[in-house]
Structure formats: C-alpha cells, structure tokens
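The values are calculated or read from the model by the stated rules, or taken from the named source; none is laboratory data. Everything numeric in this text was worked out from a predicted model, so none of it was measured. Cβ sites come from the backbone with ideal geometry, for glycine too, and all protein chains shown count toward neighbours.
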Amino acid sequence: MARLPAGQRREDFITAAVQIIAERGVHGATTRRIAERAQAPLASLHYCFHTKEELFLAIYEDMAATQLREGFHVREGSGLGRAAAGLLRQVAAWFGKEQTYAQAQLEMFFWVLRQDSDLAKRLYQVHLDMLEGLLRQGLRPDDDVKLVEVLARTIASVADGLVPQWLTFKDPVMRDTTVDVIAESLERLADAHRIPQVTAAG
C-alpha cells in the first residue's frame with residue numbers, strides 16, 4: 001500500500017466517514033468501515049483521530065473550508081442585507097449539490113447532541129463563525145454591525161430546516177421559492193436597520 005502524506009490521509013478518512021455516515025448513520029460508521037472505505041490501515045485512522053469526537057470536529061471544519069473554497073463568497077462592501085440574501089442562496093445551492101454531506105451532517109449532529117452537548121456547540125459554532133466572517137465582508141458604513149450575529153444564526157437556522165426538506169422532496173422549485181422569500185426578508189430587515197450617516201458640512 002502506497003504511503004500517503006498525513007494531510008492526504010486525513011482527507012481520505014474524512015471523505016470516507018462522511019460517505020458511511022450518510023449511508024449507515026453514525027452507529028454504522030465504525031472505525032473499521034471508515035478505514036476500509038479509505039483503503040487505509042485501521043491503525044492509521046486511530047493515529048490521525050484519537051477519538052470519534054476529533055473526527056467529527058474535523059468533518060465540520062472540512063465542510064466549512066470546502067464551502068469557502070468552492071465558492072461561498074460575499075462582495076466586499078455590498079451591504080449586509082444583500083450579503084445575507086446571497087449567502088443564504090449559496091448555502092441552499094451547496095446542500096442541494098452536496099447531498100452526501102447534507103445527510104451526514106444531519107445524522108452526525110443529532111448523535112453528537114445526545115452524546116456531548118459541549119461538543120455539539122463547538123461543531124455548530126464552526127459554521128456560525130464562517131457565516132459571520134463572510135457577512136462582515138459585506139458590511140457598509142451604514143450597516144448595523146449588531147445584526148451580523150443575528151443574520152448568521154438565521155441563515156444557519158434556515159439551512160437546518162431546508163436540508164431535511166430537500167432530502168425528502170428533492171424539489172428544486174420548492175427549495176428555491178422558500179429560499180427567495182426568506183432571502184428577501186433578510187435583505188429588507190438589514191435595510192430597515194441602516195444607521196443614518198452624518199455628512200460633514202460643506
């Protein structure tokens with residue numbers, strides 16, 4: 001068996017774990033199955049991830065990094081409302097494309113929530129931090145910065161509801177119509193909270 005760099009081996013284990021969790025659920029994602037899917041020795045998996053919790057956190061971090069790498073973006077200074085609306089549409093489109101990740105995330109999160117509420121908070125915070133960072137890129141001087149956290153949580157909450165709906169119906173019209181209504185509402189909310197700017201007297 002070819003010897004792979006540690007970083008590549010970790011990526012292989014993460015990909016294998018996501019696939020098996022989506023197929024069999026968390027309880028079916030044994031370390032042996034993950035190692036077999038990754039075509040790697042079981043000892044290598046235990047070397048890369050000492051616990052299942054470490055593996056799950058790595059999956060969430062990898063998911064956030066993948067979303068950023070594959071096109072989640074906000075135009076700098078575009079305005080908080082437009083940034084939130086665009087970001088929600090990007091999140092919905094990504095989960096529609098990456099159904100395996102979407103299924104695995106659902107399976108994994110509720111299992112973690114039952115096992116370790118502190119770890120569940122850490123996992124959820126990974127995505128909130130990513131969303132907040134992107135929204136801040138869109139801030140204009142007259143935007144209310146206090147809305148950033150609220151909008152990030154709202155986008156995450158909407159995505160949480162969209163994922164099971166999408167996996168159940170797989171109806172892009174239903175998904176896009178729902179997303180458009182909420183995206184427009186987020187944009188109006190941010191616009192309604194703009195802070196009047198004082199201009200210097202000429």
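Looking at the stretch 44-52, can you tell me whether even one residue there is under 22 Å from VAL126 (Cα atoms), part of a loop (DSSP other than H, G, I, E, B) and in contact with a helix residue (DSSP H, G or I) (Cβ under 7 Å, 6 or more places away or on another chain)?
First, the residues of the stretch 44-52 that are under 22 Å from VAL126 (Cα atoms): 48-52.
Next, only the ones that are part of a loop (DSSP other than H, G, I, E, B) stay: 49-51.
Still in the list and also in contact with a helix residue (DSSP H, G or I) (Cβ under 7 Å, 6 or more places away or on another chain): 49.
Taking every residue of the stretch 44-52 in turn, at least one turns out to be under 22 Å from VAL126 (Cα atoms), part of a loop (DSSP other than H, G, I, E, B) and in contact with a helix residue (DSSP H, G or I) (Cβ under 7 Å, 6 or more places away or on another chain).
Give me the pairs, please: first residue somewhere in the stretch 177-190 and farther than 12 Å from LEU162 by Cβ, second residue anywhere and crowded, with 17+ Cβ neighbours inside 10 Å and acidic (Asp, Glu), beta-carbon distance under 9 Å, and either six or more positions apart or on two chains.
What qualifies is ALA190/ASP143.
Yes or no: ALA120 part of a helix (DSSP H, G or I), among the aliphatic types (A, V, I, L, M) and closer than 24 Å to ARG69 by Cβ?
Working: part of a helix (DSSP H, G or I): yes; among the aliphatic types (A, V, I, L, M): yes; closer than 24 Å to ARG69 by Cβ: no.
In short, no.
Would you point out the residue of the stretch 94-138, among those that are polar (S, T, N, Q) and within 30 Å of GLY28 (Cβ to Cβ), that is surrounded by the fewest Cβ atoms within 10 Å (Cβ to Cβ)? Break it down into steps so the answer makes sense when it comes.
So the first thing to find is which residues in the stretch 94-138 are polar (S, T, N, Q), and the list is 99-100, 103, 105, 115, 117, 125, 137.
Retained after the next criterion (residues that are within 30 Å of GLY28 (Cβ to Cβ)): 99-100, 103, 105, 115, 117, 125.
On the way: GLN99: 14, THR100: 13, GLN103: 20, GLN105: 23, GLN115: 13, SER117: 10, GLN125: 12.
The qualifying residue surrounded by the fewest Cβ atoms within 10 Å (Cβ to Cβ) is SER117.
Okay, residues lined up against (1) surrounded by fewer than 19 Cβ atoms within 10 Å (Cβ to Cβ); (2) of a type outside the set (Gly, Ala, Ser); (3) part of a loop (DSSP other than H, G, I, E, B):
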position	(1), (2), (3)
GLN165	yes, yes, no
ASP180	yes, yes, no
ALA183	no, no, no
LEU186	no, yes, no
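Quick check: anything in the stretch 95-104 part of a helix (DSSP H, G or I) and over 25 Å from PRO164 (Cβ atoms)?
no
Check off (1) touching a His at 6+ places or on another chain (Cβ under 7 Å); (2) of a type in the set (D, E, K, R); (3) without any contact (Cβ under 8 Å) to a residue 24 or more places away in the chain for ASP160 and give me the number that stays unchecked.
(1)
Can you confirm whether the stretch 74-85 contains a residue that is within 18 Å of the chain's Cα centre (by Cα) and assigned to a loop (DSSP other than H, G, I, E, B)?
Here is the first cut: in the stretch 74-85, the ones within 18 Å of the chain's Cα centre (by Cα) are 74, 83-85.
Still in the list and also assigned to a loop (DSSP other than H, G, I, E, B): 74.
Scanning the stretch 74-85, I find at least one residue that is within 18 Å of the chain's Cα centre (by Cα) and assigned to a loop (DSSP other than H, G, I, E, B), so the answer is yes.
Looking at the stretch 123-144, which of its residues are outside any helix (DSSP H, G or I), touching a residue at least 60 places away in the same chain (Cβ under 8 Å) and not hydrophobic (A, V, I, L, M, F, W, C)?
Filtering the stretch 123-144 down to residues outside any helix (DSSP H, G or I) leaves 138-144.
Filter again for touching a residue at least 60 places away in the same chain (Cβ under 8 Å), leaving 138-140, 143-144.
Those that are outside any helix (DSSP H, G or I), touching a residue at least 60 places away in the same chain (Cβ under 8 Å) and not hydrophobic (A, V, I, L, M, F, W, C): GLY138, ARG140, ASP143, ASP144.
Applying the selection to the stretch 16-33, what residues are small (Gly, Ala, Ser) and within 17 Å of CYS48 (Cβ to Cβ)? Reasoning before the result, please.
Within the stretch 16-33, the first condition is being small (Gly, Ala, Ser), and the residues that meet it are 16-17, 22, 25, 28-29.
Correct list: ALA16, ALA17, ALA29.
Does at least one position in the stretch 24-34 carry a residue that is among the charged types (D, E, K, R), under 30 Å from ALA152 (Cα atoms), outside the structural domain of ALA102 (by TED's automatic domain parsing) and not in a loop (DSSP other than H, G, I, E, B)?
Initial filter on the stretch 24-34 (among the charged types (D, E, K, R)): 24, 32-33.
From the residues that got through so far, the ones that are under 30 Å from ALA152 (Cα atoms) too are none.
The answer is no; no qualifying residue exists.
With the checklist (1) hydrophobic (A, V, I, L, M, F, W, C); (2) in contact (Cβ under 8 Å) with a residue 40 or more places away in the chain; (3) surrounded by fewer than 17 Cβ atoms within 10 Å (Cβ to Cβ) in hand, flag the one item VAL91 doesn't pass.
All conditions are met except number (3).
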